[in-house]
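Quick notes on the structure that follows.
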Amino acid sequence: MESCNCIEPQWPPDDLLMKYQYISDFFIALAYFSIPLELIYFVKKSAVFPYRWVLVQFGAFIVLCGATHLINLWTFTVHSRTVASVMTTAKVLTAAVSCITALMLVHIIPDLLSVKTRELFLKNKAAELDREMGLIRTQEETGRHVRMLTHEIRSTLDRHTILKTTLVELGRTLALEECALWMPTRTGLELQLSYTLRQQNPVGYTVPIHHPVINQVFSSNRAVKISPNCPVARLRPAGKYMPGEVVAVRVPLLHLSNFHINDWPELSTKRYALMVLMLPSDSARQWHVHELELVEVVADQVAVALSHAAILEESMRARDLLMEQNVALDLARREAETAIRARNDFLAVMNHEMRTPMHAIIALSSLLQETELTPEQRLMVETILKSSNLLATLINDVLDLSRLEDGSLQLDLGTFNLYAVFREVLNLIKPIASVKKLHVSLTLAPDLPEYAIGDEKRLMQTILNIVGNAVKFSKEGSISITAFVAKLDTLRDSKAPEFLPVLSDNIFYLRVQVKDSGSGINPLDIPKLFTKFAQNQSTGTRNSGGSGLGLAICKRFVNLMEGHIWIESEGLGKGCTAILIVKLGMAERVNESKLPYMPKMPTNHGQTAFPGLKVLVMDENGVSRMVTKGLLLHLGCDVTMVGSSDECLRLVSHEHKVVFMDICVPGIDSYGITIRIHEKFTKRHERPLLVALTGNTDKVKKENCMRAGMDGLILKPVSLDKMRSVLTDLLEHRVFFEAI
Amino acid sequence: MDLIQLQRQLVDYRTSLYHEGFLDEQFTQLQSLQDENNPDFVVEVVSLFFEDSERLLNELSKALEQQIIDFKRMDAQVHQLKGSSSSIGAHRVQKLCIVFRNYCEAHNVEGCLKCLQQVKHEYGIIKTKLESMFQLEQQILNAGGSIPV
């Protein structure tokens, strides 16, 4: 035998143990080779495996182990050294890789374990979410049910339908066995079963209201679980079943709703109805929180819906009532109108009938006065005349007043000269005042417009009445009349809360105050002054005559003029002040020509435009007097010249149509002359037109002229054409104020 | 002199008076008032003006010579003069009167004296001029012509 480098195994190869070792090694190698194959196969199948390189490592380790065991098979027989060295290499490699793998596993195994725990955690979470999802879905269902219920309830305004629907829907939503509504009775001491779900016509069970359970339910706005044995819950005939849970909730009855018609005693506490809900018996169902919430919400909605229904009923009833009242009022109005018409007809007829004999009496008495009479006869006739005049005035006043009262009197509006009204009043009152030695003064405010729109005749009548009263009731002293434009604050403090002046651009409020120092009036009597026929019965006034209607008529006129009139007095003997505020329209400045030269007639030089017009020229300056005279002569007028105011007054007559006065001379009281001319000619159509001539002027002077009573104002120098147009304008409109 | 020439001379003279501010349109108005009913209207008015003015100027001179000067009365008189001069259209005189009045209001004696002199001066001029104009007119009328407007 040649000596080889073979290594002999330690044990004989035919040994049984060796044989078993041989077989085991073989199978180990097989397994070790197939494990990585399996791993590769399954990992390739799975999508996610984060540790591929670990796999590789592991695979290497297994393969090498398998290789080792496989090579070990050869060492059971005699084997050469090469085999032994290969074996050794394999073992060494295997050792290395396995150590590395062992070290690696230290890192990897905790990771793998934590993956496992995370998986468990996620599973739990998923289960929890599933539960919550289920809960939310249930709540949403409930919410939907509530909305639907509410919709059903609110879609009708009939309270029976509302209640019925509520019960039906609740029953359906919550799958109730029974649902009932108990309403408080008329007396409020009992609850009566009004509606149920299952029973069609509930028999009128009643339950006293002061049951502790009921009180408990009423005291809270939550749905309360109550015992099925409670009187309100005993709705079904007691069966052998286990009754389901019962819940009761209060339904507030807003106090407008009265179910059992009208006379409802007022209870101080809020009133409630009771809603009872029963779950099906024997179902072991429990009231869930969300179901209770649903019930509470529904109860509130029902309360609101019921009150709406009640309000509707109320308003319908009220409307019916109003319609009835309207019909009645209409009838009453028509009857009143008929009555007024009848009265007016009567008055008109009576008026005519009464006036005719009155006229006869007055006329004939006046005629009688003219004849020869003895003194006693004369006295008698005068008395007859005076009495009949009084009677005629009374008849007129009564007719006026009745026309005023039923509003058939209307104001005659027109543009008029306000200053002229005051002057007329003054003129009319002066004679009487001077007889009684009373001093009358008139003050017109500078801002008082000269022209106004209103009822001139009635305004004058009113002012005259007041001034007349002042004169009548004053034995001595003075009477002052002031007139000015009322400003808003003075308007507001007038003694009438219902007097609401409205200011606008074209109107102004005229305020006239007549103050006298006469017998005064007791402040307590003042309210009666303006009532018809109420005479002041204090001494001294009984002889004054008058029917007591004057002030009443004035008040009516003033009311028509949207104004206010009242009297203030501090007491008997202290005089009194009558104050009158009326609304007047602002008039455009009448007849003011914007251009001084605006000849209305075609200019005909040399042709006389005013043949024979008698004029008076007053001018202290000889030269300018001559020039003016020349102008007027040229126009064909008949000119009289005067050089002083006295001469003017002496010579002025009703034949003169126009008086030209030069007022720019200091020292001439042209205003005084104006006033005196006014006094001389009381009738308006007799008085000549007064025109001021002035070389320089300003607005103040112009307004002074207007106020003094001049009819015109012209600026010097006056040309021929200007004079011609001025005269034309003047004679046509009776006024000419040159624009400054 | 020829009639046409006289008339032309008159027109020129009148125009010059207007241009130089001695007269204003008031004088024209006066002339327009003269017609066959009133043939000497202008002459009458102007004569009256002369009389008035001379009287007033004399009084004003006397007033300013006094110890105690009555300004108020002077003011009234100057006002009169102003009125007269404006009535006939003596423009310069009128303007001086306005100034005179201011001095009177201010009680300014020096001013018043000065102004009075000026007024007298102007009045003299206008009087001469108007008299010449009237002479011209009279010549034209004597020559048988008519006075141009």
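The values are calculated or read from the model by the stated rules, or taken from the named source; none is laboratory data. The structure presented is a predicted model; accordingly, all values stated were derived computationally and were not measured. So basically every Cβ, Gly included, is an ideal-geometry build from the backbone, and we count neighbours across all protein chains shown.
Worth a mention:
- Positions within the range A:152-177 being assigned to a helix (DSSP H, G or I) and not β-branched (Val, Ile, Thr), in sequence order: A:GLU152, A:ARG154, A:ARG159, A:HIS160, A:LEU163, A:LYS164, A:LEU167, A:GLU169, A:LEU170, A:GLY171, A:ARG172, A:LEU174
- Going through (1) away from chain A (no Cβ under 14 Å); (2) under 13 Å from the mean Cα position of the chain (by Cα) one by one, B:SER53 falls short only on (1).
- Cβ pairs under 6 Å, 6+ apart, first in the range B:78-92 and more than 7 Å from chain A (Cβ to nearest Cβ) and in a helix (DSSP H, G or I), second buried (at least 23 other Cβ atoms within 10 Å of the Cβ) and of a type in the set (D, E, K, R): none
- Meets criteria (surrounded by 15 or more Cβ atoms within 10 Å (Cβ to Cβ) and in contact (Cβ under 8 Å) with a residue 40 or more places away in the chain) for B:PHE22: yes
- Qualifying residue in the range A:637-653 (condition: modelled with pLDDT under 80, in contact with a Gly (Cβ under 9 Å, 6 or more places away or on another chain) and of a type outside the set (Ser, Thr, Tyr)): no
- Filtered residue count, the range A:429-451, keeping only those that are in a helix (DSSP H, G or I) and buried (at least 16 other Cβ atoms within 10 Å of the Cβ): 2
- Helices (runs of 4 or more DSSP H) wholly inside the range A:625-740 containing at least 2 residues that are touching a residue at least 60 places away in the same chain (Cβ under 8 Å) and within 14 Å of chain B (Cβ to nearest Cβ): A:720-733
- Which listed residue, of A:LEU197, A:LEU163, A:LEU170, A:LEU174, is in the same structural domain as A:MET275 (by the TED database), crowded, with 19+ Cβ neighbours inside 10 Å, in contact with a Phe, Trp or Tyr (Cβ under 7 Å, 6 or more places away or on another chain) and among the aliphatic types (A, V, I, L, M): A:LEU163
- A:PRO252 modelled with pLDDT under 85, assigned to a strand (DSSP E or B) and in the same structural domain as A:LEU197 (by the TED database): yes
- Residue count for the range B:1-44, restricted to those that are of a type in the set (D, E, K, R) and not in a loop (DSSP other than H, G, I, E, B): 6
- Residue under evaluation A:ARG118, criteria (1) at pLDDT 80 or above; (2) closer than 29 Å to A:GLN286 by Cα, criterion not met: (2)
- Restricting the range A:612-624 to residues that are more than 8 Å from chain B (Cβ to nearest Cβ) and of a type in the set (D, E, K, R), the residue that is surrounded by the fewest Cβ atoms within 10 Å (Cβ to Cβ): A:LYS614
- Filtered residues of the range B:56-77 (kept if over 17 Å from the mean Cα position of the chain (by Cα) and assigned to a helix (DSSP H, G or I)): B:GLU59, B:SER61, B:LYS62, B:ALA63, B:LEU64, B:GLU65, B:PHE71, B:LYS72, B:ARG73, B:MET74, B:ASP75, B:ALA76
- You will find that of A:THR117, A:THR142, A:THR89, the residue that is surrounded by 16 or more Cβ atoms within 10 Å (Cβ to Cβ), of a type in the set (Ser, Thr, Tyr), assigned to a helix (DSSP H, G or I) and outside the structural domain of A:TRP287 (by the TED database) is A:THR142 and no other.
- Test result for B:LYS114, surrounded by 13 or more Cβ atoms within 10 Å (Cβ to Cβ), touching a residue at least 40 places away in the same chain (Cβ under 8 Å) and among the basic types (Lys, Arg): no
- Residue list for the range B:93-119, filter: closer than 24 Å to B:ASP24 by Cβ and within 14 Å of another protein chain (Cβ to nearest Cβ): B:VAL93, B:GLN94, B:LYS95, B:CYS97, B:ILE98, B:ARG101, B:ASN102, B:CYS104
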